[in-house]
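The values are calculated or read from the model by the stated rules, or taken from the named source; none is laboratory data. In this text the structure is predicted, and so the values were computed from the model without any measurement. In this analysis, Cβ positions are derived from the backbone assuming ideal geometry, glycine residues included, and neighbour counts consider all displayed protein chains. Ligands, DNA and RNA are stripped out before the accessible areas are found, and what is left, the full protein with its side chains, is counted by its heavy atoms. Shrake-Rupley method; radii C 1.70, N 1.55, O 1.52, S 1.80 Å.
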Amino acid sequence: MKKAFLPIADTNSHTLILGTMPGEKSLELQQYYGNRANQFWRLVYAVFNEPMPEAYEEKIAFLKQKGIALWDVLSHCERVGSLDSNIKNEVPNDFETFFKTHPNIKRVFFSSKNAEKYYSRYAKKLDGVVYSALPSPSGAHANMRFEEKLAIWKNILNE
């Protein structure tokens, strides 16, 4: 079984971005969106028109400064490779406890349709919280140009 990361969140977090499950490179590096082919960090920094640092710790501090929490829908799963389509025997994270301990979260964005699908299967949408799916930053989601993804991410994250 592959095990996901703990959430990155604090008391100032008002927005939660949910992925499905870390890919192989992310698990190897022990970093959210650690695969350089994934556009997550590039998109986040472009949304705020900020230069992207190399250091992972600086990226995490930036998210917290912006009130953005980061987590995955699944806590554990079996999967060969990094594709969501290979996920089996998944176990969801405990969202009930997360939302109780992070009551300021008012927006939840899914970084893929699969993350939204798994969330809908295992967790309930809360009243007073806005939910929306973003175009996937994955390198496997190449049918949309970076600029197109960025326009949508900016529109949604800057609301």
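Where the second residue is in a loop (DSSP other than H, G, I, E, B) and open to solvent by less than 10 Å² (accessible area, probe 1.4 Å) and the first is hydrophobic (A, V, I, L, M, F, W, C) and lies in the range 43-55, which pairs have Cβ atoms under 9 Å and are six or more apart or on separate chains?
If the second residue must be in a loop (DSSP other than H, G, I, E, B) and open to solvent by less than 10 Å² (accessible area, probe 1.4 Å), the pairs left are Leu43/Leu134; Leu43/Pro137; Val44/Pro137.
Within the range 110-129, can one find any residue that is surrounded by 14 or more Cβ atoms within 10 Å (Cβ to Cβ) and among the β-branched types (Val, Ile, Thr)?
No; the residues of the range 110-129 include none that is surrounded by 14 or more Cβ atoms within 10 Å (Cβ to Cβ) and among the β-branched types (Val, Ile, Thr).
Need pairs with beta-carbon distance below 9 Å; first residue among the polar types (S, T, N, Q) and within the range 1-12, second open to solvent by less than 40 Å² (accessible area, probe 1.4 Å); sequence gap 6+ or separate chains.
Thr11/His102; Asn12/Gly67
List the pairs whose first member sits in the range 86-104 and is touching a residue at least 24 places away in the same chain (Cβ under 8 Å) and within 14 Å of Ala69 (Cα to Cα), whose second member is of a type in the set (A, V, I, L, M) and open to solvent by 40 Å² or more (accessible area, probe 1.4 Å), and whose Cβ atoms are under 8 Å apart, counting only residues at least 6 apart or on separate chains?
Within 8 Å, the pairs are Phe99/Leu126.
Go through (1) part of a loop (DSSP other than H, G, I, E, B); (2) open to solvent by 30 Å² or more (accessible area, probe 1.4 Å); (3) modelled with pLDDT under 95 one by one and return the number of the condition Val91 breaks.
Of the numbered conditions (1) part of a loop (DSSP other than H, G, I, E, B); (2) open to solvent by 30 Å² or more (accessible area, probe 1.4 Å); (3) modelled with pLDDT under 95, the odd one out for Val91 is (1).
Kindly indicate which of Ser132, Ser136, Ser120, Ser82 is in a strand (DSSP E or B) and free of Cβ contacts under 8 Å to residues at least 60 places away in the same chain.
Sole residue among the options that is in a strand (DSSP E or B) and free of Cβ contacts under 8 Å to residues at least 60 places away in the same chain: Ser132.
Quick one: count up the residues across the range 68-84 that are in contact with a helix residue (DSSP H, G or I) (Cβ under 8 Å, 6 or more places away or on another chain) and either open to solvent by 60 Å² or more (accessible area, probe 1.4 Å) or more than 26 Å from Lys154 (Cβ to Cβ) (or both).
Going through the range 68-84 one residue at a time, the tally reaches 5.
Mind listing whichever residues of the range 9-52 are among the hydrophobic types (A, V, I, L, M, F, W, C) and either within 14 Å of Pro135 (Cα to Cα) or part of a loop (DSSP other than H, G, I, E, B) (or both)?
Listed by number, the residues that qualify are Ala9, Ile17, Leu18, Met21, Ala37, Phe40, Trp41, Leu43, Val44, Val47, Phe48, Met52.
What's the number of the condition Gln65 fails, among (1) without any contact (Cβ under 8 Å) to a residue 12 or more places away in the chain; (2) open to solvent by less than 20 Å² (accessible area, probe 1.4 Å)?
Condition (2) is where Gln65 drops out.
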